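Step one of this worksheet: look at the structure below.
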Amino acid sequence: MGIGKNLKRILQVKNMTVAELSRSTDISPQTFYAIIKRDSNKVKTDTLIKIAKALNVSTEELMGIQPNEFNFRLSIGSKIQQIRQNQEVSLLKLAEMTGISAKKLRMYESNETLPTYDELIKISECLEVDVYLTFASIFENYEIEKGRERKLLDNYFQLNYEGRSEAIKRVEELTHIEKYTEEELEQIDQFKNFLQNKHEKKKD
């Protein structure tokens, strides 16, 4: 779903007409009709901001992209793939446009690895989206999660050998509690493995 369909849906929810939105944004009704008919994410950044502000929604909601608070890597890959597919750009075409191999792009979209910041800018430019608007919340959430991980690691490294062994067991126990989502379980499992590796190195 592109911006056009999302715009149409939000207008219906807010019981607002194109004419009213036009007056609020100083953007012609013809522009809105074109966006709705075209239904792509190729909308100028300043226009996107004006529309989102007038509708009192985030630019992400307008683009139909939901931020993922817990999984930074998944958010990056999912957003790249969603924007590319919304614009009907093939993986090979994006590779040609960005100079990034299709193999690497496929790895990014499948969440096997992360693009560099420069690559993310290239991808955003080629897909005609603003890198800061599109990925801002991800970077913010990433910093929050990194802060939590640093705090957890700081506490872990204050423990002696026996304490670290117990910490690994406790983390593993958390993975068996049903209230955690699969995504959270995966993160806990990754962190458990990280602690286990650190523990084994310390033992050696």
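The values are calculated or read from the model by the stated rules, or taken from the named source; none is laboratory data. This structure is a prediction, so every number in the text was calculated from the model and none was measured. With ideal geometry, Cβ positions are generated from the backbone for all residues, glycine too; neighbour counts draw on all protein chains shown.
Here are some notes:
- When Leu11, Leu7 are checked against the criterion of being within 23 Å of Ser124 (Cα to Cα), buried (at least 17 other Cβ atoms within 10 Å of the Cβ) and in contact with a Leu (Cβ under 9 Å, 6 or more places away or on another chain), a single residue qualifies: Leu7.
- Among the residues of the range 12-27, just one is assigned to a loop (DSSP other than H, G, I, E, B) and of a type in the set (Lys, Arg), namely Lys14.
- Looking only at the range 113-168, residues that are assigned to a helix (DSSP H, G or I), in contact with a Phe, Trp or Tyr (Cβ under 9 Å, 6 or more places away or on another chain), at pLDDT 75 or above and not hydrophobic (A, V, I, L, M, F, W, C) come to 4 in all.
- Exactly one residue out of Thr59, Thr47 is surrounded by 13 or more Cβ atoms within 10 Å (Cβ to Cβ) and touching a Leu at 6+ places or on another chain (Cβ under 7 Å): that is Thr59.
- Given (1) assigned to a helix (DSSP H, G or I); (2) at pLDDT below 85; (3) loosely packed, with under 11 Cβ neighbours inside 10 Å, number of the condition His176 does not satisfy: (1)
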